[in-house]
Structure formats: structure tokens, C-alpha cells
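The values are calculated or read from the model by the stated rules, or taken from the named source; none is laboratory data. These numbers were taken from a predicted model, which means no experiment stands behind them. Every residue, glycine as well, gets a Cβ built from its backbone with ideal geometry; the counts of neighbours run over all protein chains shown. Side chains are part of the model used for accessible areas, which takes the heavy atoms of the whole protein and leaves out ligands, DNA and RNA. Shrake-Rupley method; radii C 1.70, N 1.55, O 1.52, S 1.80 Å.
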Amino acid sequence: MKITPTGMVPNEDTGTIMSVVTLPPGTSQERAQEVLHRVDSLVAAEPAVASRTVISGYSFIGGQGPSYGSIIIKLKNWEERSTMQNSNIVYITLFMRAQKIIKEAQVLFFAPPMIPGYSASSDIELNMQDKTGGDLNHFFDVVKNYSAALEARPEINSAKTTFNPNFPQYMLDIDAAACKKAGLSPSDILSTMQGYFGGLYASNFNSYGKMYRVMIQAEPEATKNLESLSSIKVRNGDEMAPSPNSSPSRRCTDRTSSAVSIFIPL
């Protein structure tokens with residue numbers, strides 16, 4: 001009771017390291033996989049690493065998207081590693097190597113939290129919010145300046161965020177009259193498009209004493225261009241109705257969110 005810290009849970013070597021890779025907005029998943037392969041090769045060259053699991057299209061910090069990726073790194077047993085190969089030294093070493101080798105992506109390494117479920121890591125997460133409702137690009141400049149000021153402090157190793165308002169987007173106008181003729185609602189079409197072009201939670205199932213989540217998503221070949229919109233069908237009762245015409249009205253780069261998270265490893 002006298003020597004155990006009570007203010008926070010101390011970090012321990014759990015034998016696992018996490019990594020997230022963030023590429024510029026609009027990067028294709030094929031290009032992201034090439035960069036992930038390079039990061040994976042960098043991780044594999046570390047003698048303390050036993051195995052790796054690469055996840056393309058998802059970031060533990062940034063969420064889902066083709067320009068994101070994650071890696072789960074399993075270290076060797078503690079008996080097989082020296083004191084200079086503990087998880088803290090290993091992930092700092094990997095981070096420094098990645099900064100020198102991988103120039104076209106943001107690569108972060110961090111240890112998982114000691115208490116699972118509270119955060120993606122045991123580092124600090126800072127949230128910023130624009131309460132003025134102003135221009136998103138101006139907010140982005142404020143976030144970048146604030147992150148730079150954080151990194152200038154000696155006690156902070158780095159301050160990174162996945163927030164970027166420059167992701168290419170399309171605005172779609174749904175023909176409500178055509179929806180009504182087909183016996184559909186605009187929400188049906190939007191849900192179907194989310195399942196095809198993004199991802200949609202379907203259900204859960206139990207197996208081997210664990211619960212698994214079922215997600216549905218189309219293959220990349222089925223959603224690679226705007227012409228693929230004409231091949232989407234929406235369930236209408238017992239039939240599959242073709243999706244009513246929905247044309248992109250304009251290309252836009254605005255994001256509706258005015259809140260952003262900054263990841264700060266100490």
C-alpha cells in the first residue's frame with residue numbers, strides 16, 4: 001500500500017504493441033496496402049517481434065476508411081527478451097525508424113492500455129471543438145497550430161490527429177418522387193449505399209464462447225466508380241428494386257464534424 005501508485009495505473013509490458021497508419025485523404029486502399037506492407041516489413045525486422053497482424057481499411061484511432069490501416073504486434077515471451085527489449089523501448093524504436101523511412105504516411109506506435117475498454121492506449125487523448133460554427137478550414141489551421149505547440153513542449157513526444165477536412169466527397173440528391181413510385185424511402189436507399197460503399201452493422205453471433213459482430217461491405221471492384229451506382233438494388237418487400245436515380249450534384253470537401261481528437265503519446 002505504501003509503494004503502489006494510486007493516482008494512475010502504471011504501464012506494464014503486456015507483450016503487445018499497436019500501430020496505426022494514416023495516409024493522405026483520397027488515398028486508395030491499394031496504395032494504403034503497399035504502405036502497410038512496408039511498415040509490416042519494418043516491424044518484422046525488429047528482433048523482439050514474434051508475429052504481426054495487419055488490418056487494412058481500419059484505424060484504432062481514426063476509424064474506418066481506405067486511407068487507414070492498423071497493425072497488432074505480438075512480442076516474444078519475456079524470457080526471450082532482454083531488458084532493453086521491453087515494449088516501451090521497442091515501440092519508441094519502431095516509431096523513430098518509421099519517421100525516417102515512411103515519409104508518405106503518418107505512422108504511430110503505442111502500447112495498449114492497462115485497463116482494457118477505456119481507451120485505445122494509455123496515452124492522453126485531447127478533444128477540440130469549434131463552438132463558433134465557422135469555416136472548417138480555419139478550424140483545421142487552429143488544430144495544426146495547437147498540435148505544433150504541443151509537440152514543442154519537452155515532456156510531449158508527439159501530438160497527432162487524424163482530423164483532415166480535405167477528404168474528397170460527393171453530395172447525392174435522392175429523387176424522392178422516384179422513391180415513392182418504387183415503394184421505397186430515401187432512408188432505405190441511404191442505408192443500402194452505406195452497406196455498399198462504407199460498412200453496415202448487421203447482427204451478432206456466438207461461437208466458441210465469444211460474441212462476434214457481423215459487418216457487411218461490398219467488394220472494392222463493385223464500388224470503384226460512380227457508374228457502379230446504377231448496379232445497386234434496394235430490397236422492396238420480396239423484390240429487389242433498382243435504386244432510383246441519384247446524381248452527384250457537386251464535389252465537396254467539407255466535413256460536417258466540428259470536433260476533433262488529438263492523440264498525445266508522452
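Just so you know, in the range 59-103 the residues that are among the charged types (D, E, K, R) and touching a strand residue (DSSP E or B) at 6+ places or on another chain (Cβ under 6 Å) include one that is farthest from Leu36 (Cα to Cα), and it is Lys76. Within the range 37-66, residues that are farther than 15 Å from Thr16 by Cα reach no partner that is among the aromatic types (Phe, Trp, Tyr) and exposed (fewer than 12 other Cβ atoms within 10 Å of the Cβ) with beta carbons closer than 8 Å at six or more positions or on different chains. Only one entry of Ile124, Ile73, Ile115 meets the criterion of being over 29 Å from Pro165 (Cα atoms) and open to solvent by 70 Å² or more (accessible area, probe 1.4 Å), and that entry is Ile115.
Report, by residue number, each residue of the range 30-70 that is of a type in the set (D, E, K, R) and either touching a Cys at 6+ places or on another chain (Cβ under 9 Å) or open to solvent by less than 70 Å² (accessible area, probe 1.4 Å) (or both). Selection gives Asp40, Glu46.
What about Asp141, is it of a type in the set (Asp, Glu), at pLDDT 90 or above and over 28 Å from Ser41 (Cα atoms)? For Asp141, the condition - of a type in the set (Asp, Glu), at pLDDT 90 or above and over 28 Å from Ser41 (Cα atoms) - is met.
When you scan the range 95-112, do you find a residue that is acidic (Asp, Glu) and under 20 Å from Gly15 (Cβ atoms), even just one? Before you say what the answer is, go through the steps one by one.
First pass over the range 95-112, keeping only residues acidic (Asp, Glu): 104.
Pick out the ones that are also under 20 Å from Gly15 (Cβ atoms) and you get none.
For the range 95-112, residues acidic (Asp, Glu) and under 20 Å from Gly15 (Cβ atoms): absent.
I'd like to verify a number: residues in the range 84-112 that are open to solvent by 70 Å² or more (accessible area, probe 1.4 Å) and either under 18 Å from Ser19 (Cβ atoms) or touching a Lys or Arg at 6+ places or on another chain (Cβ under 7 Å) (or both), how many?
Here the count works out to 7.
Only one entry in Ile101, Ile61, Ile124, Ile71 is more than 18 Å from the chain's Cα centre (by Cα) and hydrophobic (A, V, I, L, M, F, W, C), namely Ile101. Residue-level check: of (1) touching a Lys or Arg at 6+ places or on another chain (Cβ under 9 Å); (2) closer than 30 Å to Glu227 by Cα; (3) surrounded by 15 or more Cβ atoms within 10 Å (Cβ to Cβ), Met171 misses just (3). Here Trp78 fulfils each of the conditions (1) touching a residue at least 40 places away in the same chain (Cβ under 8 Å); (2) crowded, with 18+ Cβ neighbours inside 10 Å; (3) not charged (D, E, K, R) apart from (2).
Contact map, the range 204-226: first residue closer than 20 Å to Ser56 by Cβ and of a type in the set (Val, Ile, Thr), second residue at pLDDT 85 or above and assigned to a strand (DSSP E or B), Cβ cut-off under 7 Å, separation 6 or more or different chains; pairs are Val214/Ser203; Val214/Asn204; Val214/Phe205.
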